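The values are calculated or read from the model by the stated rules, or taken from the named source; none is laboratory data. These numbers were taken from a predicted model, which means no experiment stands behind them. Ideal geometry is used to build each Cβ from the backbone, glycine not excepted, and the neighbour counts take in all protein chains shown.
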Amino acid sequence: MSLTRTAYPTPSDFLMQLRAAKLSFRTDQQQAIEILSQSYVQSAIDKFEQGTEFIPFLAEPTDSTVQYTPQGPENRHGGPGIFARNGGGTILEFRGGYVSVTSVTVGMVPDPITAAMQGGTNLVWRLGYQLCPEDAPDRKRPYEWIRFTSRQYGTIGSIQIVGRRGFSATLREDVYRAIVAGAMCEAEGEIRSILNQGLLSWTEAGVTEREREDSLAASFEAWGKLYRRTMKQCQRIGMNF
């Protein structure tokens, strides 16, 4: 049975990976390295989300509300003003993905005073719309777009989607490990620098300096390949309109 995680990797995971690579910090440098490791892990997470086009990648814990503008031949990306008529198509591509959708409302209009979106019609799943790809749950992937049963027109932000955004509610183990690997790649320059300063030491005895350097270089190459390969596997499927 494959493992899943409920949170992103932490600096502790980063430090464990360092030890697994037979590198260790001096005790007096541990706190400083932990502070740096947080930035490496966060950078790896951010770049993973940007590379897959799922922001967030790990799904939100609760539903959020997002306004969309009808897409289609008249104006796919929005009109010149909030009262412009947009759309004409039956497809709406999400910004990212959804692991679940609670409600879909169309035809909302801005309040003339506050401009807050209001009114509209709640659609019923499979009668008014279909979440796509339809086999997303079976493939353990998120929904990336919605197909309406009728053409949609409206003002900017007239479609409201309530649901949990993200690629998945938990992280697969391979994704978790890939992000840790990405954090190692983010830290490569600093690791080599502090190694040269004597703040980071080798824990493996009986190995020449050249062999250690070659091993470290091979490790960084492997971490980079794992990070990029996993990111590619999780990229948006998307569709052409």
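Filter segment 94-118 for residues that are closer than 19 Å to Ser150 by Cα and in a loop (DSSP other than H, G, I, E, B) and give the result.
Scanning segment 94-118 gives Gly107, Met108.
Within the bounds of segment 153-168, is there any residue that is within 17 Å of the chain's Cα centre (by Cα), part of a strand (DSSP E or B) and of a type in the set (Phe, Trp, Tyr)?
Here is the first cut: in segment 153-168, the residues within 17 Å of the chain's Cα centre (by Cα) are 163-168.
Next, only the ones that are part of a strand (DSSP E or B) stay: 163-165, 168.
Imposing the further condition that a residue be of a type in the set (Phe, Trp, Tyr) reduces the set to none.
The answer is no, given that none of the residues of segment 153-168 is within 17 Å of the chain's Cα centre (by Cα), part of a strand (DSSP E or B) and of a type in the set (Phe, Trp, Tyr).
Among the residues of segment 120-147, count how many are loosely packed, with under 15 Cβ neighbours inside 10 Å and assigned to a loop (DSSP other than H, G, I, E, B).
Here the count works out to 9.
What's the number of the only condition in (1) modelled with pLDDT of 95 or more; (2) outside the structural domain of Ser100 (by TED's automatic domain parsing); (3) among the aromatic types (Phe, Trp, Tyr) that Phe148 fails to meet?
Here Phe148 clears every test but (2).
Among the residues of segment 173-186, are any in contact with a strand residue (DSSP E or B) (Cβ under 8 Å, 6 or more places away or on another chain) and modelled with pLDDT under 80?
No: segment 173-186 contains no residue that is in contact with a strand residue (DSSP E or B) (Cβ under 8 Å, 6 or more places away or on another chain) and modelled with pLDDT under 80.
Quick check on segment 65-106: of everything there that is small (Gly, Ala, Ser) and either closer than 19 Å to Leu127 by Cα or not assigned by TED's automatic domain parsing to the domain that holds Ser158 (or both), which residue is modelled with the lowest pLDDT?
Here is the first cut: in segment 65-106, the ones small (Gly, Ala, Ser) are 72, 78-79, 81, 84, 87-89, 96-97, 100, 103.
Going one step further and asking which of them are either closer than 19 Å to Leu127 by Cα or not assigned by TED's automatic domain parsing to the domain that holds Ser158 (or both), we end up with 88-89, 100, 103.
Numbers: Gly88: 88, Gly89: 91, Ser100: 97, Ser103: 98.
Only one residue tops the list, namely Gly88.
Inspect all residues belonging to segment 216-230 and state whether any of them is closer than 20 Å to Ile33 by Cα, surrounded by 11 or more Cβ atoms within 10 Å (Cβ to Cβ) and either at pLDDT 95 or above or of a type in the set (D, E, K, R) (or both).
Pass one, segment 216-230, residues closer than 20 Å to Ile33 by Cα: 216, 219-220, 223.
The next check asks that each one be surrounded by 11 or more Cβ atoms within 10 Å (Cβ to Cβ); those that pass are 216, 219-220, 223.
So of that shortlist, the ones also either at pLDDT 95 or above or of a type in the set (D, E, K, R) (or both) come out as 223.
Within segment 216-230 (the criterion being closer than 20 Å to Ile33 by Cα, surrounded by 11 or more Cβ atoms within 10 Å (Cβ to Cβ) and either at pLDDT 95 or above or of a type in the set (D, E, K, R) (or both)), the answer is yes, since at least one residue qualifies.
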